[in-house]
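No lab work stands behind these numbers, since they all come straight from the coordinates. This one's a predicted model, so the numbers in the text were calculated from it and none came from an experiment. Note: ideal-geometry Cβ built from the backbone for every residue, glycine included; neighbour counts use all protein chains shown.
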Amino acid sequence: MNGAQLNAAVALSAALIRSRAGDRRPAIAVLLGSGWGALAHSVQDAVTIPYADLPAFPRPGVEGHAGWLLLGRIGTRTVVVLSGRQHTYETGDPAAMKGALHTLAALGVRVLLQTNAAGSLDPQMRPGEMMLVADHLNLVQRSPLLHEQGAQRFVDLRDAYDPALRAAAQRVALERGITLHEGVYAWMLGPQFETPAEIRMLCQLGAHAVGMSTVPETIVARQQGMRVLALSLFTNMGCGLEDVALSHAHTLAAAQAAALHAIPLLEAVIAGLEV
Ligand code: HPA
């Protein structure tokens with residue numbers, strides 16, 4: 001899609017969502033990563049729209065990623081939940097979620113909460129625990145803003161992961177006695193997992209978590225003026241740090257097991273958001 005086609009698809013998608021939204025006006029969006037799909041059950045009074053109805057949205061193809069937009073309430077907050085993202089490793093396109101994110105911006109979304117599954121690079125951060133992304137390393141060295149023109153493509157990524165939102169999430173975690181680490185997320189293209197040598201490199205580069213998503217969406221969301229919070233759920237230690245074979249089934253099973261405490265945390269963070 002070129003820029004004009006994207007804008008047209010975004011306008012159509014936003015109009016269709018508005019037409020089905022009733023009086024729901026979401027200021028908060030949640031983008032669910034691998035294994036986080038159960039959060040969709042927390043959405044009350046939901047209107048569900050398949051991505052297939054929305055021309056600006058992708059067609060996710062990975063098991064565990066549904067491809068539904070839900071509009072409803074979590075607690076007292078009106079939210080839009082995107083269940084399913086298209087990863088860059090599926091098509092090579094780092095802008096796969098751009099149309100979806102522009103549509104959210106057009107709907108008035110101000111805050112993007114992202115979730116993902118990740119491998120831990122830090123022995124203090126264990127599988128089953130969570131980490132707030134404080135910063136990222138774009139090791140794929142691709143951008144969803146490639147081919148754009150004009151000054152708006154030169155996005156400032158300082159404090160890309162909103163410090164006030166992180167502090168709010170830390171307060172919620174502390175109240176609930178949930179361990180919430182904070183660190184640097186390294187984006188690797190995948191879909192293969194890393195080699196032990198790559199994991200050692202990532203450790204030396206100062207990363208705490210490694211995964212295959214989140215970074216391109218953060219870049220687009222920041223360009224659209226949204227505040228971003230990203231929550232990684234550790235499903236495993238990085239390859240070679242422990243004697244465990246990695247697979248997508250393992251990622252999903254570990255994420256689903258940890259979702260028991262991860263989802264209440266996310267619900268409480270949403271409840272406390274001031275937007
Ligand atoms: N590497 C990359 N992505 C991941 C991992 C990993 O070890 N675990 C879950 N997602």
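Where the centroid of each part is defined by its Cα atoms, how far is segment 208-271 from segment 168-200 in Å?
Using only Cα atoms, the two centres lie 7 Å from each other.
Starting from the 7 Å offset along Cα-to-Cβ, what nm value, one decimal, do you get for the label separation of Leu174 and Asn2?
Placing both labels 7 Å beyond Cα along the Cβ direction yields 5.3 nm.
Tell me the relative contact order for the chain as a rounded percent, counting alpha carbon contacts under 8 Å between residues six or more apart.
Computed value for the chain: 25 percent relative contact order.
Report the label-to-label distance for Glu182 and Ser247 in nanometres (one decimal), using points 7 Å from each Cα along the Cα→Cβ vector.
For Glu182 paired with Ser247, the spin-label model returns 3.8 nm.
Would you mind checking the tilt of helix 248-272 against the longest principal axis of the Cα atoms of the chain, expressed as 0 to 90 degrees and rounded to 10?
Approximately 60 degrees, to the nearest 10.
For the chain, what is the calculated [θ] at 222 nm in deg cm²/dmol (nearest 500), taking -39500 (n - 2.57) for each run of four or more DSSP H residues and dividing by its residue count?
Value at 222 nm, helices only: -10500 deg cm²/dmol.
What are the residues whose amide H is under 5 Å from the amide H of Ala27, where those residues sit 5 or more places off or on another chain and H is modelled from the backbone?
Thr78
Taking other Cβ within 10 Å of each residue's Cβ, how do Tyr89, Tyr185 sort, fewest first?
Tyr89, Tyr185
By how many nm would the segment from Arg153 to Leu260 grow when fully extended, if each residue of separation counts as 0.36 nm and the alpha-carbon distance is taken off?
Full extension from Arg153 to Leu260 adds 34.6 nm.
Under a crude label model (7 Å from the Cα following the beta-carbon direction), how far is Arg59 from Asn138 in nanometres?
For Arg59 paired with Asn138, the spin-label model returns 2.8 nm.
Please report Thr251, Thr218, Thr76 as a ranked list, fewest other C-beta atoms within 10 angstrom at the top and most at the bottom.
With the fewest neighbours first, Thr251, Thr218, Thr76 line up as Thr76, Thr251, Thr218.
Quick one: pull the percentage of alpha-carbon pairs in the chain with a separation above 35 Å.
10
Is the shape of segment 176-232 best called rounded, prolate or oblate, per the rule: a/c under 1.5 gives rounded, else a/b larger than b/c gives prolate, else oblate, with a ≥ b ≥ c the square roots of the Cα gyration tensor eigenvalues?
Oblate, since a/c reaches 1.5 and b/c is not below a/b.
Fewest first, what order do Cys239, Cys203 take by the number of other Cβ atoms within 10 Å?
In order of increasing Cβ crowding within 10 Å: Cys203, Cys239.
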